[in-house]
1. Sum -39500 (n - 2.57) across every DSSP H segment of at least 4 residues in the chain, then divide by the residue count to get the 222 nm mean residue ellipticity, nearest 500.
2. Largest first, what is the accessible-area ranking of Ser1, Ser117 with a 1.4 Å probe?
3. Mean 1/r over all different Cα pairs, inverted: what Kirkwood radius does the range 26-88 give, in Å?
4. Could you give me the ³J(HN,Hα) list for the range 32-45, computed from phi with Karplus coefficients 6.51, -1.76, 1.60 and θ = phi - 60°, whole Hz, x at Gly and Pro?
5. Using the alpha-carbon centroid of each, what span in Å lies between the range 110-135 and the range 48-87?
6. How big is the Rg/Rh ratio for the range 50-135, C-alpha atoms only, Rh by Kirkwood, two decimals?
7. Kindly rank 49-60, 81-92 from highest to lowest mean number of other beta carbons found within 10 Å of each residue.
8. As I understand it, the value is the acute angle between the Cα axis of helix 83-96 and the longest principal axis of the Cα atoms of the chain; what does it come to in degrees, rounded to 10?
Amino acid sequence: SLNARAIALINGGRPEAAIPLLEHALVLQPRDPEMLGNLGYAYMLVGEHARARSRLVAALDLSPTRSATWLNLGQTYAELGRQDAALDAVLTGYRYSTRKASVRSALQRAATQPQFSPAWRDPAGAALSRIEAGA
C-alpha cells in the first residue's frame, strides 16, 4: 500500500519522498487518520510545520486518542513557537499512550540531546518534569 511504502521511506530517512505518496493516498482515502498522521509527521520532519500542524490536527479530529499524533503535534507546536500548546499536546499524548515508559524515554532524549532544536527541547523537558511530578 502507499502508506506502507511511505512509512518505509520515512523510516529510511527520506520523508520528503514519502509526502507525495501520502498525499496521493489521501486522495483515495481522505478520512484515514493514520495516513493523515503519517503525512503530518513527514511534513514535520522536513520542516514544513504549518502543513504538519494542519494534517496532525485533521488526524486527531478523526481519531482523538492517537498518542503518537499528539506527540508529533506537540513537537510541531514547539517548532511553531507555541510552547504552551506544545506542552498540552505532549501531556495529552502521554495520557493516551499505552507505552508510557517509551514516551518518557523519548522526551528525555528530546530534552537533553543536541540534535533536537531548542524550541523542542524546552517543552519536552517541561512535559517530562510534569509527568515525573505526577501531572
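The values are calculated or read from the model by the stated rules, or taken from the named source; none is laboratory data. Predicted model only: the values in this text are computed from it and were never measured. Methodologically, a virtual Cβ is constructed for each residue, glycine included, from the backbone with ideal geometry; neighbour enumeration extends over all protein chains shown. These accessible areas exclude ligands, DNA and RNA; they are computed on the full protein's heavy atoms, side chains included. Shrake-Rupley method; radii C 1.70, N 1.55, O 1.52, S 1.80 Å.
1. Numbers: 8 runs with 106 residues, N = 135.
Rounded to the nearest 500, it is -25000 deg cm²/dmol.
2. Ser1, Ser117
3. 11.2 Å
4. Each residue's phi maps through the Karplus curve to give 8, x, 5, 5, 4, x, 5, 5, x, 5, 4, 4, 4, 5 Hz.
5. With the range 110-135 and the range 48-87 each reduced to a Cα centre, they are spaced 16 Å.
6. Over the Cα atoms of the range 50-135, Rg/Rh equals 0.94.
7. Packing order, densest peptide first, comes out as 49-60, 81-92.
8. Taking Cα atoms only, the helix is inclined about 80 degrees.
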